[in-house]
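Taking it in order: structure first as structure tokens, then the write-up.
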Amino acid sequence: MTCNRLREYHKRNSDMSALSKLMAHSVLRSALCCLLAVAFPLQLLAGETPSAMLYTSGPAWVNGNTVPKSVAMFSGDLLQTRPDSTASIQSNGSSVMVMADSLVKFEGPAVEIEHGGVRVTTSRGMAARAGDVTVKPASLSWTEFQVVDVNGQVQIAANKGDLTVQDDQGTTTVTQGQTTTRDDTSENEKKKKKRRRAGAGATTAAKGGIMSSPWVVYPAAGAIGGVAIWLWLVDNEEPVSPSCRTNPCN
């Protein structure tokens, strides 16, 4: 009778233990799946592919760092040339020649001129902005144009193809072979440009997003691997021996 009660007691305990382990495994597996679903897509997004290649002729800086003769460029990179240097940004269907003594932000489908000038050749409609003035091809045919922004005066030349020019006065068309000048009248933009020019040569840019940092990626990968190994070990753990394993019950 005592053995039967012990068997029932241990069986109930064994069933409860098995149920608890099953529930714990289910929760941990769900947590691991959520961790994987969040960590890996973010890391893939953080591993941004280059938008263009930069080729320099003379000293130049990207985000405040000296660059070699060629380097990959990403949207948001800030390029600065010296009075004795130039640079060329090459992307799919577009080429931007950055003139000497210029400060230009690359934005993928456009370039923003903080100071200096660019010559754009494009079949993809790449635009150039200088303060409140936006210059872009009137069509997606091969177009070449030049934009120079010095001391608030934006000089525009349509070398090949027609352009549309948009500013605070509206939108106008500049036909092939014509030149025009616009005023950069945005006071806020002028102040921002002065601040950027003052700090462009000395500011060190951050190296990639937070999710691409090894201080985040490696610990996250280690945590995921640790949880996976622990689950594997628990799944392969031998079950608890039945009751009365040392003292046989007859």
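Within the span defined as the stretch 87-105, one or more residues are within 20 Å of Gln166 (Cβ to Cβ) and under 17 Å from the mean Cα position of the chain (by Cα).
Taking the criterion of being crowded, with 16+ Cβ neighbours inside 10 Å, assigned to a strand (DSSP E or B) and either outside the structural domain of Pro137 (by TED's automatic domain parsing) or at pLDDT 60 or above (or both), would at least one residue in the stretch 44-51 satisfy it? Checking the stretch 44-51: not a single residue is crowded, with 16+ Cβ neighbours inside 10 Å, assigned to a strand (DSSP E or B) and either outside the structural domain of Pro137 (by TED's automatic domain parsing) or at pLDDT 60 or above (or both).
Note on the stretch 61-85: among residues that are crowded, with 18+ Cβ neighbours inside 10 Å and of a type in the set (Ser, Thr, Tyr), the one that is farthest from Gly117 (Cα to Cα) is Ser85. Looking at the stretch 104-200, the strands (runs of 3 or more DSSP E) lying wholly inside it that each contain 1 or more residues that are at pLDDT below 95 and out of contact with any Pro (no Cβ under 6 Å at 6 or more places or on another chain) sit at 110-122, 143-150, 153-160, 163-167, 170-174, 179-183.
Cβ separations smaller than 8 Å between residues 6+ apart or across chains give the following pairs from the stretch 120-147 residues that are surrounded by fewer than 23 Cβ atoms within 10 Å (Cβ to Cβ) to residues that are in a loop (DSSP other than H, G, I, E, B) and among the charged types (D, E, K, R): Asp132/Asp168; Asp132/Asp184; Ala138/Asp162; Ser139/Asp162; Leu140/Arg124.
The values are calculated or read from the model by the stated rules, or taken from the named source; none is laboratory data. Predicted model, so just to flag it, every value in this text is computed and none were measured. All Cβ positions, even for glycine, are placed from backbone atoms using ideal geometry, and neighbour counts span all protein chains on display.
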